[in-house]
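This report refers to the structure that appears directly beneath it.
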Amino acid sequence: MNTKNQIDKPKGIDYGDQAKPDVTAGPLKADFGPPVNILPIHANAGVTAVLTDTSETGVFIATATGVVQTSLLGTCVANAKLNVRFPATPGQPVVLNGTGSFTSIDGTTSLQFSASGTANPDPANPNFFNAKYQLTFTGGTGAFASASGGGEITEVVMFTSQTTGTFTWTLNGRVITPK
């Protein structure tokens, strides 16, 4: 094949003594996906919480600690501090807001969150509450240092005393991290 003076007629490009470039050789490797990783997170937990009084009637601080099994961090420890506001009138939900974290059991990775939700007494037993929280992931350490995203926790609470409860919950959500 003679490569001298090849001209790409439609574009009018003169390649002189050089062969015309072959733009069909090899695969194209363009990444048109988002510049982030979007990962599902699923978890279940067993947690104990202790309520402490505040200066406001019906408002408590819940300090919660427990074991969590997550799809992204493996087995880890959950720690949270929640503002718990019991209603002044019957028939209204308990309102919960606070922050927390999931920390891997070796301590090298954590995922932080803020939470807000409500809990209602179970009609079958007033010592049980059914709760739903919305989580917003707000960073962490290791691979989750810049994490964002969110999820929902569905929880059952059993009060074992006036100020102590045990909880089980499940989490379903998405964690977003930079690539």
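The values are calculated or read from the model by the stated rules, or taken from the named source; none is laboratory data. Bear in mind the structure is a predicted one, so any value in this text is a computation, not a measurement. Because the Cβ atoms are built from the backbone with ideal geometry, glycine has one as well, and the counts that use them run over all protein chains shown.
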For this session: Within segment 153-167, identify whether any single residue is within 13 Å of the chain's Cα centre (by Cα), over 16 Å from residue 94 (Cα atoms) and buried (at least 19 other Cβ atoms within 10 Å of the Cβ), and answer yes or no.
Result: no
Problem set entry | Pair list, Cβ under 8 Å, 6 or more apart: segment 141-155 residue on the phi > 0 side of the Ramachandran plot, other residue crowded, with 17+ Cβ neighbours inside 10 Å and part of a loop (DSSP other than H, G, I, E, B) | 142/109
Problem set entry | Matching entry among 99, 108 (being within 23 Å of the chain's Cα centre (by Cα), at pLDDT 95 or above, β-branched (Val, Ile, Thr) and not in a loop (DSSP other than H, G, I, E, B)) | 99
Seminar exercise, completed: Residue pairs within 7 Å by beta carbon, gap of at least six or interchain, first lying in segment 53-66 and among the charged types (D, E, K, R), second at pLDDT 95 or above and surrounded by 13 or more Cβ atoms within 10 Å (Cβ to Cβ), listed first then second, are 53/60
For this session: Considering every residue within segment 146-167, establish whether at least one is over 20 Å from residue 45 (Cβ atoms), at pLDDT 95 or above and not hydroxyl-bearing (Ser, Thr, Tyr).
Result: no
